[in-house]
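Enquirer: Below you'll find the structure I mean.
The values are calculated or read from the model by the stated rules, or taken from the named source; none is laboratory data. Note that this is a predicted model, so its numbers are computed, not measured. Cβ placement follows ideal geometry from the backbone for every residue including glycine, while neighbour counts extend to all protein chains displayed.
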Amino acid sequence: MPTRQRTLSDSSDPQKQREQGVRAIRAALQSGHAAEAARLLMRLVEGRLVPHHRKLATWLVSAIGRNETAKLVDAFVHLPCFYCAKGRLPCHVCESRGHLPTESVCPRCLGAGVERCDFCAGSGWATINAIPEGLRATVIRKRTRLASERTAALLDRSIPKPSTRDPEGTIRQYRLLLLKLDRQMGVFENMLLATRTLRTPSREIRSALASILNRCMRLALRVEKRTAEIMRAMSEAHRVLARSGLPKNATKSELLRRAEYYDSLGDPDATLAGTGLEHPFLHRAITGTLKNSQTP
Ligand SMILES: [Zn+2]
Ligand SMILES: [Zn+2]
């Protein structure tokens, strides 16, 4: 973090304020404080000191150059959610224990102890409303591309089998994998919604976004199937745990009950309805657009 916050000019002359703002943005970018540069641009936009909508990107290139504009756009792509850490918050249902007082699995966090941040849909990134309107289409395109690449990489790896020596370690691995996949689903869901609220995108932008989102939907369908697979593996890991030297914090019958619960979520037709991993809007979009198509 910078030692001194750069501020915009307190001059009442818009031209001076703009020049000062541009200098501050450039200085922030050059010293590696891209998020701060993003905040400075937001203030210029809020103060209506820079062109709006599609003209903003062109203005930025003329004001700070192509490379610095790319850095600034990148800062908006990765701008963190203002309410959570990487899309997660302590689970309020089980108070981060992962299970309810009845010892059954917490349906909100599915045993992880952390729940999805509803504000950013678990993506961990600031919502698109926080991005200046003129940069939204570019940010949506870059975020969906990034999430697609990360999802494809996660889906490329097969799910490890439950370890008989360390079933609890395997359960932790599954939870981490579910979290990573859910984060990408959050990006897909947000970007799908954001695309619908874009104002005045050109036909070219609209068509580029449609094709990227179509790929996202195909990947999201595969994530739904993979999630069900992980639930079945999770069930198996709990059975292994029940057979092995038991952990101190659960009895054999509790572990077998949890195994059954995960098994019910592993049904290929399960939608995760009622759990904290459900993405109802995204699920409807997937089934609506890809009902009869093949997965890649
Ligand atoms: Zn919970
Ligand atoms: Zn958040």
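Enquirer: Quick check, is Ser12 in a loop (DSSP other than H, G, I, E, B), in contact with a strand residue (DSSP E or B) (Cβ under 6 Å, 6 or more places away or on another chain) and either of a type in the set (Gly, Ala, Ser) or within 16 Å of ligand 2 (Cβ to nearest atom) (or both)?
Expert: On the way: in a loop (DSSP other than H, G, I, E, B): yes; in contact with a strand residue (DSSP E or B) (Cβ under 6 Å, 6 or more places away or on another chain): no; either of a type in the set (Gly, Ala, Ser) or within 16 Å of ligand 2 (Cβ to nearest atom) (or both): yes.
Considered against the rule, which asks whether it is in a loop (DSSP other than H, G, I, E, B), in contact with a strand residue (DSSP E or B) (Cβ under 6 Å, 6 or more places away or on another chain) and either of a type in the set (Gly, Ala, Ser) or within 16 Å of ligand 2 (Cβ to nearest atom) (or both), Ser12 comes out as no.
Enquirer: Right, something else. Since Pro160 meets every condition but one in (1) in contact (Cβ under 8 Å) with a residue 12 or more places away in the chain; (2) exposed (fewer than 15 other Cβ atoms within 10 Å of the Cβ); (3) in a helix (DSSP H, G or I); (4) not charged (D, E, K, R), which condition does it not meet?
Expert: (3)
Enquirer: Further question on the same structure: Only one of Gly32, Gly98 is under 26 Å from the mean Cα position of the chain (by Cα) and within 30 Å of Met231 (Cα to Cα). Can you tell me which? Full working, then the answer.
Expert: Values: Gly32 fails: within 30 Å of Met231 (Cα to Cα).
Checking each option against the conditions leaves just Gly98.
Enquirer: Mind listing whichever residues of the range 223-255 are in a helix (DSSP H, G or I) and hydrophobic (A, V, I, L, M, F, W, C)?
Expert: Answer for the range 223-255, where residues must be in a helix (DSSP H, G or I) and hydrophobic (A, V, I, L, M, F, W, C): Val223, Ala228, Ile230, Met231, Ala233, Met234, Ala237, Val240, Leu241, Ala242, Leu255.
Enquirer: If Ala137 passes every condition in (1) within 13 Å of ligand 1 (Cβ to nearest atom); (2) touching a Pro at 6+ places or on another chain (Cβ under 7 Å) but one, which one does it miss?
Expert: Of (1) within 13 Å of ligand 1 (Cβ to nearest atom); (2) touching a Pro at 6+ places or on another chain (Cβ under 7 Å), only one is false for Ala137: (1).
Enquirer: A further question follows. Could you give every pair whose Cβ atoms fall below 7 Å, whose first residue belongs to the range 266-286 and is under 20 Å from Cys120 (Cβ atoms), and whose second residue is surrounded by fewer than 18 Cβ atoms within 10 Å (Cβ to Cβ) and of a type in the set (S, T, N, Q), counting only separations of at least 6 or pairs across chains?
Expert: Listed by first residue and then by second, the contacts come to Glu278/Thr271; His283/Thr271.
Enquirer: What tally of residues in the range 181-216 results from selecting those that are among the basic types (Lys, Arg) and either within 24 Å of Thr227 (Cβ to Cβ) or within 13 Å of the chain's Cα centre (by Cα) (or both)? Let's see the steps before the verdict.
Expert: Let us first name the residues in the range 181-216 that are among the basic types (Lys, Arg), namely 183, 196, 199, 203, 206, 215.
Those still in the list that are either within 24 Å of Thr227 (Cβ to Cβ) or within 13 Å of the chain's Cα centre (by Cα) (or both) too: 183, 215.
Summing the residues that are among the basic types (Lys, Arg) and either within 24 Å of Thr227 (Cβ to Cβ) or within 13 Å of the chain's Cα centre (by Cα) (or both) in the range 181-216 gives 2.
Enquirer: Here is a follow-up. Tell me the residue from Arg222, Arg175, Arg199, Arg206 that is outside the structural domain of Leu56 (by TED's automatic domain parsing), in contact (Cβ under 8 Å) with a residue 24 or more places away in the chain, out of contact with any strand residue (DSSP E or B) (no Cβ under 7 Å at 6 or more places or on another chain) and over 25 Å from Cys109 (Cβ atoms), please.
Expert: Details: Arg222 fails: over 25 Å from Cys109 (Cβ atoms); Arg175 fails: over 25 Å from Cys109 (Cβ atoms); Arg206 fails: in contact (Cβ under 8 Å) with a residue 24 or more places away in the chain.
From the options Arg222, Arg175, Arg199, Arg206, the qualifying one is Arg199.
Enquirer: Of these, Arg39, Arg54, which one is away from ligand 1 (no atom under 16 Å from the Cβ), basic (Lys, Arg) and either at pLDDT below 90 or in the same structural domain as Arg183 (by TED's automatic domain parsing) (or both)? Step through it out loud before you land on a result.
Expert: Values: Arg39 fails: either at pLDDT below 90 or in the same structural domain as Arg183 (by TED's automatic domain parsing) (or both).
Only one candidate qualifies: Arg54.
Enquirer: Counting only residues that are over 17 Å from the mean Cα position of the chain (by Cα) and either over 16 Å from Arg175 (Cα atoms) or away from ligand 1 (no atom under 11 Å from the Cβ) (or both), how many does the range 104-127 have?
Expert: 1
Enquirer: Yes or no: the range 73-89 includes at least one residue that is more than 22 Å from Leu181 (Cα to Cα) and within 16 Å of ligand 1 (Cβ to nearest atom).
Expert: Scanning the range 73-89 turns up no residue that is more than 22 Å from Leu181 (Cα to Cα) and within 16 Å of ligand 1 (Cβ to nearest atom).
Enquirer: Restricting to the range 103-140, name every residue that is touching a helix residue (DSSP H, G or I) at 6+ places or on another chain (Cβ under 6 Å) and charged (D, E, K, R).
Expert: Listed by number, the residues that qualify are Glu103, Arg136.
Enquirer: Can you pull out the helices (runs of 4 or more DSSP H) entirely within the range 31-147 that have at least 1 residues that are surrounded by 16 or more Cβ atoms within 10 Å (Cβ to Cβ) and among the acidic types (Asp, Glu)? So that I can check it myself, show each step before the final result.
Expert: Numbers: elements: 34-46, 55-64, 66-77.
Because the criterion is at least 1 residues that are surrounded by 16 or more Cβ atoms within 10 Å (Cβ to Cβ) and among the acidic types (Asp, Glu), the helices (runs of 4 or more DSSP H) in the range 31-147 that meet it are 34-46, 66-77.
Enquirer: Applying the selection to the range 98-134, what residues are away from ligand 2 (no atom under 12 Å from the Cβ) and within 22 Å of Asp74 (Cβ to Cβ)?
Expert: Passing the criteria: Ile128, Asn129, Ile131, Pro132, Glu133, Gly134.
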